[in-house]
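Comments concern the structure below.
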Amino acid sequence: MMKIGVVAVQGAFREHQRMLNQLGVDTIEIKRSQHLENLNGIVLPGGESTSIGKLMREYGLIEPIREMVQQGTPIFGTCAGMIVMAKTISSGEEPHLAVMDVTVSRNSFGRQKDSFEADLDMDVIGSTPFPAVFIRAPHIESVGENVRVLSRYQGRIVAVQEKHCLAISFHPELTDDSRIHQYFLEKIVQPSLQTVR
Amino acid sequence: MATNVGTERVKRGMAEMQKGGVIMDVINAEQAKIAEAAGACAVMALERVPSDIRAAGGVARMADPTIIEEVMKAVSIPVMAKCRIGHIVEARILESLGVDYIDESEVLTPADDKYHVDKRKFTVPFVCGARDLGEALRRIAEGASMIRTKGEPGTGNIIEAVKHQRMMQAKIREVQNMSTDELYAEAKNLGAPFELLLEVHNTGKLPVVNFAAGGVATPADAALMMELGSDGVFVGSGIFKSENPEKFARAVVQATTHYQDYELIGELSKGLGSPMKGIDLNTLRDEERMAVRGW
């Protein structure tokens, strides 16, 4: 059975676990580095990126996860998770995992009163729009040449993929639509099982 | 593409993102930065922390907007602020300032002795205090997107928060096992809408995120509230009334994340200096209790 680790230092990690479990995948909460053994993939949930980044650093999760991702472990980040994955944060903050060649802008849609829901087109998961929930969401300002843009909202990049790294600005874990989690498992994690291990 | 702001999902979702985190009371930009650097997932901007409100007496109102704006400029994490119970205009002012969450709070002197703010009419989400399941569901019916225990604010004494969280969890377990006819009667007993009670019956939890607040003074207190089923923790006077706020703030954040790692919490608790002094609740007169405010 596939086993996915969900970084569980702060934020909506249980919702990701629930969704992954419903898709028949085994999950484990990652709070310390000993939780990183035998994982087929990693999920970085939404939450507060400064809290998550700090706690990951404090408990030695940054280096080992970066190394795993560099060696091919698939990773999927939502909202704060996307910020944690970016190589550059436009406000000049120190990047965290820095595994994706993108520049991310935090809270770029405004404060909480500007948070919104919208139907989003994302071709890789099919033609039916995705019910996207944006909460104090970041967006991607610019991408490196190997990064594929999967979706934009009003011209802003909100979903990207670079090889086995997937990052989105919004929160599929707060909806009942599991197509993006399915995409991660079937198109990214599954193929990596043969190549890496 | 359709865009919707202030939907139930967006308002409740914001609270989901706070889970497993610590929200700290701050009274200026400097404290807000300390809280952010310690890993707080949000700050509550106030003119005075609850223990000082208690000491000052008189009527406690919404903070001066200058303070709230100063805090909003100082940090990138969400900023919350308190309005008085039932004070629609204070709530509207806070919304117009752009705060990320409003706490309709019993820590301030209530403005209305019968009605709470109709929170569904707002784009900004609200958190409200509750002592038990009935009170929590009444607030959720009014549109609260997040619930916290009331505890007894500004006392540094955890007993009331424990009592409220235990009552809430025990009642939820009881409701889960009720038959439909019992649920109709229970809705009446609790003074709670039947539909929301039915939802609790079906899901075994509140429909919104449920934090602990009111009396958290140490890392162990924060971990205790997590152990009892809280989704996260508010710390009011506990941080900045302690001897070493930076250290205390970091220790409380880490104890909340690792709430079942007792060896670690032991380490975190070493050499913290003295926590806030605290008050034995038996010495409080009835009119000094804040938890009884709210209807």
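The values are calculated or read from the model by the stated rules, or taken from the named source; none is laboratory data. Note that the structure is predicted; figures quoted are calculated from it, not measured. With ideal geometry, Cβ positions are generated from the backbone for all residues, glycine too; neighbour counts draw on all protein chains shown. These accessible areas exclude ligands, DNA and RNA; they are computed on the full protein's heavy atoms, side chains included. Shrake-Rupley method; radii C 1.70, N 1.55, O 1.52, S 1.80 Å.
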Rg and Dmax in Å for region A:76-197, alpha carbons only: what are they? 13.9, 46
Near residue A:22, within a Cβ-to-Cβ distance under 15 Å, what is the net charge of the other residues, with Lys and Arg +1 and Asp and Glu -1? -3
Expressed in nanometres to one decimal, the distance between label points 7 Å along Cα→Cβ at residue B:52 and residue A:145 is 5.7
What does the structure give for A:14-21 when I average, per residue, the other chain Cβ atoms found within 10 Å of the residue Cβ? 1
Past 30 Å, Cα to Cα: identify those pairs from B:19/B:121; A:187/B:73; B:33/B:82; A:54/B:11; B:73/B:114, in the order given. A:187/B:73; B:73/B:114
So, with +1 on the Cβ of K and R and -1 on the Cβ of D and E, and no other charges, what is the size of the charge dipole of region B:15-270 about its Cα centre, to the nearest 20 debye? 180
Could you give the size of the charge dipole of the protein assembly as shown about its Cα centre, using +1 on the Cβ of each K and R and -1 on the Cβ of each D and E, expressed in debye and rounded to the nearest 20? 100
GNM flexibility winner over chain A from A:31, A:187, A:113 (Cα, springs under 10 Å): A:113
Report the A-B buried area as the accessible area lost on both sides summed, probe 1.4 Å, in Å² to the nearest 100. 3400
Tally Lys/Arg at +1 and Asp/Glu at -1 over every other residue whose Cβ is under 11 Å from the Cβ of residue B:175; what's the total? -1
Per residue of A:129-140, what is the mean number of Cβ atoms on other protein chains within 10 angstrom of that residue's Cβ? 3
Over what distance in Å are the Cα centres of region B:160-197 and region A:1-33 separated? 30
Amide H to amide H under 5 Å from residue B:48: which residues, 5+ apart in sequence or cross-chain, H placed 1.01 Å off N in plane? none
Can you pull the Kirkwood radius for region A:1-71, inverse mean 1/r over Cα pairs, to one decimal in Å? 12.2
Have a look at region B:1-72 and give its Rg and Dmax from the Cα atoms, expressed in angstrom. 15.3, 53
Once you charge only the Cβ atoms, +1 for Lys and Arg and -1 for Asp and Glu, what is the size of the charge dipole of chain A about its Cα centre, to the nearest 20 debye? 240
Expressed in nm to one decimal, what extension gain is obtained for the pair residue A:176 and residue A:1 from 0.36 nm per residue of sequence separation less their Cα-Cα distance? 60.7 nm
Distance between the C-alpha centers of region B:53-81 and region B:10-46? Whole Å please. 13
Radius ratio Rg over Rh of region B:31-99, counting only Cα atoms, Kirkwood formula for Rh: 0.98
Largest-first principal axis extents of the Cα set of region B:1-132 (Å): 52, 40, 31
Once you list every other residue whose beta carbon is under 15 Å from the beta carbon of residue B:283, what net charge do they have if Lys and Arg are +1 and Asp and Glu are -1? -2
Among B:170, B:63, B:81, residue whose mean-square fluctuation peaks in a GNM of chain B (springs only between Cα atoms under 10 Å): B:170
With the dipole of chain A worked out from charges on the C-beta (+1 for Lys and Arg, -1 for Asp and Glu) around the Cα centre, which of A:82, A:95, A:169 lies farthest toward the positive end? A:95
Excluding exposed DSSP-loop GluC sites (Glu not before Pro) (at most 13 other C-beta within 10 Å), longest clean stretch of chain A: A:38-144
What percent does the relative contact order of region B:15-270 come to when contacts are Cα pairs within less than 8 Å and at least six residues apart? 20
Rounded to the nearest 5, what is the percent of antiparallel bridges among the DSSP beta bridges in chain A? 50
Report the Rg/Rh value for region B:146-291, based on alpha-carbon coordinates and the Kirkwood definition of Rh. 1.05
Based on alpha-carbon centroids, what's the gap between region A:68-141 and region B:206-226 in Å, whole number please? 29
On average, how many beta carbons from a partner chain sit within 10 Å of the beta carbon of a residue in B:145-153? 0
Mean projected area in nm² (Cα convex hull; one quarter of hull surface) for the protein assembly as shown: 22.5
Please list, in chain and number order, the residues 5+ apart from residue B:126 or on another chain whose amide H is under 5 Å from its amide H, with Hs placed from the backbone. B:102, B:145, B:146
Computed on alpha carbon atoms, what radius of gyration and Dmax characterise region A:17-130, expressed in Å? 15.3, 42
Over region B:72-142, how many percent of alpha carbon pairs lie in each 5 Å bin up to the one with the longest distance? 3, 17, 28, 26, 15, 7, 3, 1
What's the Cα-based Rg to Rh of chain B, Rh via Kirkwood? 0.95
In deg cm²/dmol, rounded to 500, what helix-only [θ] at 222 nm does chain B give when every DSSP H run of at least 4 residues adds -39500 (n - 2.57) and the total is split over its residues? -12500 deg cm²/dmol
Region B:74-188: Cα Rg divided by the 2.2 N^0.38 Å rule of thumb: 1.17
Rounded, prolate or oblate for region B:154-199? Axes are the square roots of the Cα gyration tensor eigenvalues, ordered a ≥ b ≥ c, and the cut-off for rounded is a/c under 1.5. prolate
